[in-house]
Amino acid sequence: MTDTSSHPRAMPGDLSKAQLVERIIRVDQAGEYGAVRIYQGQRAVLGKSAIAETLAHMENQERQHLDSFNRLMAERHVRPTLLQPLWHLMGFALGAGTALMGEKAAMACTVAVEEAIDEHYGNQARQLGEDEPELGAMMAEFRDHERAHRDIGLQYGAERAAGYPVLHALVKNGSRLAIWLSERI
């Protein structure tokens with residue numbers, strides 16, 4: 001007899017729903033932590049520039065996201081990624097490094113990171129489906145914020161940064177790698 005249910009059979013190595021939710025919370029907490037560190041790095045360099053207030057606003061939103069995922073981690077006893085110390089350093093270095101290249105490069109970094117996060121939240125929403133409505137609603141709200149940050153970056157001339165296509169590709173692919181690693185380690 002063939003399985004005609006709407007749910008495909010689990011394969012060896014597939015995550016259970018509980019494992020999937022833990023992975024989502026872990027990686028999203030790591031991502032929001034990294035985002036806060038990126039903005040901290042950018043603000044360390046551009047703290048007195050014309051975009052300082054905008055960077056502070058985006059950092060505050062990322063901090064609110066981080067606080068929400070920290071709360072979920074504590075409530076659900078989810079361990080953080082073992083790579084957290086690396087993201088602490090790398091996030092700040094990425095933010096400061098792109099800021100040292102100028103305001104437009106800092107905004108190019110924002111655009112690339114937020115595009116990767118937008119895709120990531122979309123994939124997670126598909127995986128969760130209707131399960132975990134609180135987590136799903138939270139991710140949808142945060143995804144809207146990430147899209148707004150991307151749009152802000154574009155408004156501030158991200159695409160006019162020197163070497164934009166290369167910088168964008170490096171940062172976006174680096175973000176995707178950080179996501180993949182944080183899900184697993």
- Within the range 38-94, track down each residue that is free of Cβ contacts under 8 Å to residues at least 12 places away in the same chain, part of a loop (DSSP other than H, G, I, E, B) and more than 27 Å from G157 (Cβ to Cβ). H77
- Note on the structure: Of the residues in the range 57-81, those that are surrounded by fewer than 13 Cβ atoms within 10 Å (Cβ to Cβ) and among the aliphatic types (A, V, I, L, M) come to A74
- For the range 170-180, indicate whether the set of residues that are without any contact (Cβ under 8 Å) to a residue 60 or more places away in the chain and in contact with a Lys or Arg (Cβ under 8 Å, 6 or more places away or on another chain) is non-empty. no
- Message: Whether any residue in the range 161-177 is crowded, with 16+ Cβ neighbours inside 10 Å, among the small types (G, A, S), modelled with pLDDT of 95 or more and not in a helix (DSSP H, G or I) is what I want to check.
- Response: yes
- Query: Taking the range 17-56 as the search range and keeping residues that are surrounded by fewer than 20 Cβ atoms within 10 Å (Cβ to Cβ) and small (G, A, S), which one is farthest from L83 (Cα to Cα)?
  - Reply: A50
- Filtering the range 144-153 down to residues that are surrounded by 15 or more Cβ atoms within 10 Å (Cβ to Cβ) and either in contact (Cβ under 8 Å) with a residue 40 or more places away in the chain or more than 18 Å from H65 (Cα to Cα) (or both) yields H145, H149, R150, I152, G153
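The values are calculated or read from the model by the stated rules, or taken from the named source; none is laboratory data. Keep in mind that this is a model prediction, so the values were computed, not measured. In this analysis, Cβ positions are derived from the backbone assuming ideal geometry, glycine residues included, and neighbour counts consider all displayed protein chains.
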